[in-house]
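Shown next, in structure tokens, is the structure this report addresses.
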Amino acid sequence: MPALSRSISAPASLIALALAVPAGAALAAEGVAAPGHAGAPFARMPDIAPIGVHVDKYIDLPDAAKGPPVDSAKGYRLETLGRGLYMVTDNGYQSMFMVYESGVVVVDAPPSYAARLKQAIAEVTSLPITHLVYSHAHADHIGGAGSLGGHPVIIAQAETLRLLRRDADPARPLPTVTFEDQYVLKVGSQRLELSYHGNGHEPGNIFIYAPEQKTLMVVDLVFPGWMPFRRLAVSQDIPGWLAQIRLVDTLPFDKLVSGHVTRLGTHADVRVQIDFLDDLKAAAGNALKTTPFVAGIDPADSGNAWALTDDYTARVALQCVNALTPRWSHRLGGFDAFVWDQCYAMEQSLRVD
Ligand SMILES: [Zn+2]
């Protein structure tokens, strides 16, 4: 060990370096990466880049994922949904507002365009904002509420109030009216029906239905034309989330405001997503059943429970990604961005829920 004997009187950090270099070199010579470093790829590794790996060019968006453009000078698009009801979107987020005889009801205020929400409302009315409805507590959908000003009545499900009390975020003022299961907001000649169907995406996430306009708004359940956001839309109860997506399909809407991405949704979009999620569940379930728990791991790691689990879940996920790619990679926008996440999330849910 000449490197070590030369550095014996050097500072401790240099001794550590000198020890590490020959150890790494020896491992490399045997074709084994240093502990904790990436080794040779798994057999049948998918072409879709795994989580955390740079991608030069993502798969082109299918036509189904494209929506009408957003005016770049305004920073939003206003879309009429029926008498007095409008969607506002920046082609990433979506919210609504409803105009009645003496005011405006705003549903959600995503911070990505909340500063321009009043301008969007001013395009159709000079009436004041009297009510604000929160779809759920997540800051990315209501974190612009505080910037709207005034003192609107704020309506949300009781769980949303509980979560917002905990978060104590001045950007998300506390609801002033809460409900458990159902709430009907009647303002002038307009009507919004709010309902709660339990935990899925997040406790307190509600369905908002405008019966005259046949428009349903429910956020973070369906992603029309797109892959759901990562890890099944970071849903806290995946079986509950899956059940609520099926419930959406039974409701009598024509237009779905889903809170995300480029366009309104339809029943056909809900069915495509159910079809994808059924495929995902089958692929993850099949991979869990057919993947051996221990295969090719260094025997020295056999006492490391997390190493065994990490290696197993990676092999399950890669089989799941391989099963889904032929059918879905060119059908859902952003498939390649999040398919690994979806496989990991579904396999974990199937193991523990
Ligand atoms: Zn959310």
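No value in this document is a laboratory result; all are computed from the given coordinates. Predicted model, so just to flag it, every value in this text is computed and none were measured. When we count neighbours, we look across all protein chains shown, and the Cβ atoms used for this are built from the backbone with ideal geometry, even at glycine.
Where strands (runs of 3 or more DSSP E) fall entirely within segment 122-237, those with at least 2 residues that are more than 30 Å from Trp328 (Cα to Cα) and within 15 Å of the ligand (Cβ to nearest atom) are at 153-157.
Quick check: anything in segment 271-290 of a type in the set (S, T, N, Q) and assigned to a loop (DSSP other than H, G, I, E, B)? Within segment 271-290, none of the residues are of a type in the set (S, T, N, Q) and assigned to a loop (DSSP other than H, G, I, E, B).
Here is a yes/no grid of residues against (1) under 30 Å from Ala40 (Cβ atoms); (2) crowded, with 22+ Cβ neighbours inside 10 Å:
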position	(1), (2)
Leu216	no, yes
Val222	no, yes
Val234	no, no
Gly240	no, no
Val257	no, yes
Phe276	no, no
Asp279	yes, no
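Being surrounded by 15 or more Cβ atoms within 10 Å (Cβ to Cβ), among the charged types (D, E, K, R) and in contact (Cβ under 8 Å) with a residue 24 or more places away in the chain is the requirement here; does Glu193 meet it? Considered against the rule, which asks whether it is surrounded by 15 or more Cβ atoms within 10 Å (Cβ to Cβ), among the charged types (D, E, K, R) and in contact (Cβ under 8 Å) with a residue 24 or more places away in the chain, Glu193 comes out as no. Cβ-Cβ contacts under 7 Å between residues 6 or more apart (or on different chains), taken from a first residue in segment 48-63 that is closer than 18 Å to Ala314 by Cβ to a second residue that is β-branched (Val, Ile, Thr), are listed as Ile48/Val321; Ile48/Thr325; Ile48/Val339; Ala49/Val55. One residue alone among Arg327, Arg263 is touching a residue at least 24 places away in the same chain (Cβ under 8 Å) and out of contact with any Lys or Arg (no Cβ under 8 Å at 6 or more places or on another chain), and that residue is Arg327.
Selection of segment 254-290 for residues being over 16 Å from the mean Cα position of the chain (by Cα) and small (Gly, Ala, Ser) yields Gly265, Ala268, Ala282, Ala283, Ala284, Gly285, Ala287.
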